[in-house]
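So the structure is just underneath, and the comments pick up after that.
Every number in this text was worked out from the coordinates using simple rules, so none of it is lab data. Keep in mind it's a predicted model, so treat the numbers as computed, not measured.
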Amino acid sequence: MGGQPKSKASSWSSAEVGRLWEEPTEAISATEVLPNSVFITPMNGFENYLAAAFERKKVPLTVVADQARAAYVIMGTSEGKKPGAMKMLVFGQIHADNAASIQMVDQRTSAVVFAYAVNKKEHLAWGPNYG
């Protein structure tokens with residue numbers, strides 16, 4: 001029993017433990033906003049593709065998982081509509097409508113620093129050459 005050394009934690013007085021509990025350490029200090037950092041809000045999985053594209057294209061932004069540490073926030077929507085079988089047969093509609101928009105907001109000033117929207121029609125084709 002006397003052969004094992006006491007750990008530092010077990011030798012702390014209750015006053016020292018209380019002080020550690022009450023006084024935050026430097027590592028737990030107020031949340032620091034990282035420069036050139038961005039938080040991407042969930043967008044039905046699109047946020048994963050966007051984060052990967054930032055890295056692949058070497059965009060000078062660091063994607064962070066904590067919105068409180070981000071200088072910017074990216075939010076957006078996407079929507080896709082494909083024609084049903086009746087629209088294709090009756091009206092001859094053979095295209096899908098896809099729309100998406102994103103905006104990047106400076107968290108400190110609430111200014112929209114970037115916005116982009118796109119609406120594309122995708123031609124649905126079938127037959128011997130499309131398979």
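For Ile40, what residues show an amide H to amide H distance below 5 Å, using hydrogens built from the backbone and excluding near sequence neighbours?
Amide H neighbours of Ile40, under 5 Å, 5+ apart: Val64, Ile74.
Could you give the length gained by full extension between Val112 and Glu79, i.e. 0.36 nm per residue of separation minus their alpha carbon distance, to one decimal place? Walk me through the intermediate numbers first.
Numbers: separation 33, 0.36 × 33 = 11.88 nm, distance 2.18 nm.
The Val112-Glu79 span can extend by a further 9.7 nm.
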